[in-house]
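Colleague: Below is the structure I would like to discuss, written out as structure tokens.
All of the numbers you see were taken from the coordinates with simple rules; none came from a lab. Keep in mind that this is a model prediction, so the values were computed, not measured. Glycine also receives a Cβ, built like all others from the backbone with ideal geometry; neighbour counts cover every protein chain displayed.
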Amino acid sequence: MLNENIKAVRQSKGLSQEELAIKLNVVRQTVSKWERGLSVPDSEMLISISDVLETPVNELLGEAITENTSEDLKSISEKLEVINLQLARQKATRRNILHWTFIITSAIIVVLFVIITLSGSPYLDWDYSDHEIAVVGTLLHGFEFVFVRIAPLVLIGTVAGAVLTRRKS
């Protein structure tokens, strides 16, 4: 909600992300992250945004405006903390999905390697005078040729990815 409100108010004031960033003394990418909901400004920055956009902080946070009183920093900080917690949970979920994707991919590569090793390239003894068998044998040989050369590199990458994305305790 905060991200959508910052973007809507910025656009209604006719400011680009770059112009807002200059007025706030931040880089444009910071404004972009706020508007995409990838990060949130701290309470002091939120007040600065409110001043630059000439919009009450309550409106940026999506609350109904009841009175024109000075902003309660504690209330704003608590709301930003909740938003930060939600972002952290989303990040942890994405990291967990990526971690398990790396592990499953590594397992599939190992299983395929074992199958290819145990099968011993049976198509090498085939009679290639039959065109259909020749095509299948050529496809299997091509797959094995490419797999055996690329799979070790992919396996190293997936194992490294699984290690790098594991949950830190």
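Colleague: Looking only at residues in the range 109-167 that are hydroxyl-bearing (Ser, Thr, Tyr) and out of contact with any Gly (no Cβ under 9 Å at 6 or more places or on another chain), which one is nearest to ASN96 (Cα to Cα)?
Modeller: Within the range 109-167, the match that is nearest to ASN96 (Cα to Cα) is THR165.
Colleague: Related question: I'd like the full set of residues that are part of a helix (DSSP H, G or I) and surrounded by fewer than 11 Cβ atoms within 10 Å (Cβ to Cβ), limited to the range 125-144.
Modeller: Listed by number, the residues that qualify are ASP125, HIS131, GLU132, GLY142.
Colleague: If you don't mind, there's one more thing I want to ask. Taking only the range 1-59 into account, find how many residues are of a type in the set (S, T, N, Q), part of a loop (DSSP other than H, G, I, E, B) and in contact with a helix residue (DSSP H, G or I) (Cβ under 6 Å, 6 or more places away or on another chain).
Modeller: Within the range 1-59, the subset of a type in the set (S, T, N, Q) is 3, 5, 11-12, 16-17, 25, 29-30, 32, 39, 43, 48, 50, 55, 58.
Narrowing further to those that are part of a loop (DSSP other than H, G, I, E, B): 16, 25, 39, 55.
Applying the additional criterion that residues be in contact with a helix residue (DSSP H, G or I) (Cβ under 6 Å, 6 or more places away or on another chain) yields 39, 55.
Result for the range 1-59: 2.
Colleague: Kindly establish whether LYS91 is under 25 Å from the mean Cα position of the chain (by Cα), surrounded by 17 or more Cβ atoms within 10 Å (Cβ to Cβ), charged (D, E, K, R) and assigned to a helix (DSSP H, G or I).
Modeller: On the way: under 25 Å from the mean Cα position of the chain (by Cα): yes; surrounded by 17 or more Cβ atoms within 10 Å (Cβ to Cβ): no; charged (D, E, K, R): yes; assigned to a helix (DSSP H, G or I): yes.
In short, no.
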